[in-house]
1. Tell me which of these TYR386 doesn't satisfy, since it passes every other one: (1) of a type in the set (Ser, Thr, Tyr); (2) buried (at least 23 other Cβ atoms within 10 Å of the Cβ); (3) out of contact with any helix residue (DSSP H, G or I) (no Cβ under 6 Å at 6 or more places or on another chain).
2. What tally of residues in region 364-382 results from selecting those that are of a type in the set (A, V, I, L, M), within 24 Å of VAL433 (Cα to Cα) and within 16 Å of the chain's Cα centre (by Cα)?
3. If the Cβ limit is 7 Å and pairs must be 6+ apart or interchain, which residue in region 322-334 that is at pLDDT 95 or above pairs with which residue that is of a type in the set (Ser, Thr, Tyr) and crowded, with 20+ Cβ neighbours inside 10 Å?
4. When both residues are 6+ apart or on different chains and their Cβ atoms are under 7 Å apart, which pairs have a first residue that lies in region 346-364 and is at pLDDT 95 or above, and a second that is surrounded by fewer than 24 Cβ atoms within 10 Å (Cβ to Cβ) and β-branched (Val, Ile, Thr)?
5. For region 51-62, what are the residues that are over 16 Å from GLY394 (Cβ atoms) and buried (at least 19 other Cβ atoms within 10 Å of the Cβ)?
6. Search region 34-48 for residues that are of a type in the set (Lys, Arg) and pair each with any residue that is part of a helix (DSSP H, G or I) and at pLDDT below 95 when their beta-carbon atoms are under 7 Å apart and the residues are at least 6 apart or on different chains.
7. Checking the condition closer than 30 Å to LEU237 by Cβ and either among the aliphatic types (A, V, I, L, M) or touching a strand residue (DSSP E or B) at 6+ places or on another chain (Cβ under 7 Å) (or both), which residue from ALA409, ALA404, ALA361, ALA332 passes?
8. Considering every residue within region 236-243, establish whether at least one is assigned to a loop (DSSP other than H, G, I, E, B), closer than 30 Å to PHE209 by Cα and modelled with pLDDT under 95.
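The values are calculated or read from the model by the stated rules, or taken from the named source; none is laboratory data. The shown structure was predicted, so the numbers you read here are calculated from the model rather than taken from an experiment. Every residue, glycine among them, receives a Cβ derived from its backbone with ideal geometry; neighbour counts consider all protein chains shown.
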Amino acid sequence: MPSRNVTSPRQATTAPQLGLRPNLAQFSLLATITCGVGLVVGAERVVVPVLAKLDFGIASFLATLAFIVSFGFVKAALNLVAGRLADHYGRKPLLVLGWIVALPVPFLIIFAPSWGWIVAANVLLGMNQGLAWTMTVTSKIDLVGPKQRGFALGINEFSGYAGVSLGGFVGGYLGGLFGLRVAPFLFVLGVILVMLLASLLLVRETYHFTRLEARQAAQLRHERVAADDDPPQRPSLATIFALTTWGDRALAACSQAGLIEKFTDTLAWGLFPLYFLSRGLSPAAIGAVVAAYTGTWAVLQIYTGHLTDRIGRKWPIAGGMWLAAGGIVLVASSSTLVGWVVGAVLMGVGMALLYPTLLAAVSDVAAPHWRATSLGVYRLWRDSGYAFGALAIGIVADAFGLLAGFWFAAAIMAVSGLVVALLMYETLPSRRVVHPAWESEPRFGVPRPAGTLHQEAVRQEAR
């Protein structure tokens, strides 16, 4: 069935322009909505692991982490579906749908008679994240174009993880003051309602910006520019899945790194609250330590995203993996609040380096008209790391003790960083010397002229 042509530039009231400045109002609105997504999951992630122990008597680490498994698999699948649907039908409808499916989440947790209700709530939370966060990041990439992509993604991830950090602090504070079951999730309900109304009434469709970017890129390559009613060929989902997963070595390196880095966040989400509770910290103090991790991650992404637009993507990703691993080691080996906070901050520094940079690297390699699908494949692998990480860390912690899960996460992060260092080529267009694998293949919709390929081969040999 042919896809519906979403908004075209002819339908826009004003001619679209790529860049942050001409689209600042919409960009800021989307950043606020990303913050709302973070607020919802942030409040939940501090409170729910403590609920598992105190209200539901869950003893097994693996059983406790079941809510993250359900969240991870659902969010991962929705990332893939949402990316493909966004390339066909636009960004805004899926953003609105993401907030609608989140509406039952606070009620399921408030009235949950069993742990199964919490797991079900996290299925819906995963759907919200997979739809809403995916569409806000895709829309921001549409708006700013290639020159400020790293900076835009840094702002996006800052706003989201600032929301996670603030939500975690607010959830822990409300839980400690009024109880864990009601007050934190009334706050969550208020956030969902406000963000749903903003998405429905204020957000504008951004798909037509991808056509503008594709035309400008074609002009730079001296190729024929497609008319609005002559859309470029869109590769099949299977083709883009194969390319993003293993067909291009930069995309493959990003996909595995994205999956593994979620082991760090799974550890902070699922086991940090239990570990710090066992060491005598209150819910508010637990929220503060976790906020040190997510807050550092959030704030530094403003700078790291812009930094990678100048120095490149590869080494910030590899270095970020290694720094996060070092932070986990410090948390596991410390016995004081100061040591835990310093370790959490170091984890946040590592995540700030790698997280927006992975998204920027995938966006560098993918063509504009199928970028959302490629990002969806990457985010499929990345967010499945929540599920695989929860399973692996839970099994290790049950078998060898809680801290063994920390050491396991640190080790696998270090190995993944090594894979990036060995496999990935630099993707930043101004520094790239290896071109993406798809560029010489017409099935990807933007074939490059043979003369251009020959000239670049000569230049690479000269280097």
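1. (3)
2. Narrowing region 364-382 to residues of a type in the set (A, V, I, L, M): 365-367, 372, 375, 377, 380.
Within this subset, residues satisfying the condition of being within 24 Å of VAL433 (Cα to Cα) are 365-367, 375.
Right, trim to within 16 Å of the chain's Cα centre (by Cα) and you get 375.
Qualifying residue count for the region: 1.
3. Pairs found: ALA324/THR264; ILE328/THR264.
4. GLY348/THR296; VAL349/THR296
5. Once the filter is applied, which keeps residues that are over 16 Å from GLY394 (Cβ atoms) and buried (at least 19 other Cβ atoms within 10 Å of the Cβ), region 51-62 yields only LEU51.
6. ARG45/GLY168; ARG45/TRP269
7. Working: ALA409 fails: closer than 30 Å to LEU237 by Cβ; ALA404 fails: closer than 30 Å to LEU237 by Cβ; ALA332 fails: closer than 30 Å to LEU237 by Cβ.
None of the others qualify; the one that does is ALA361.
8. yes
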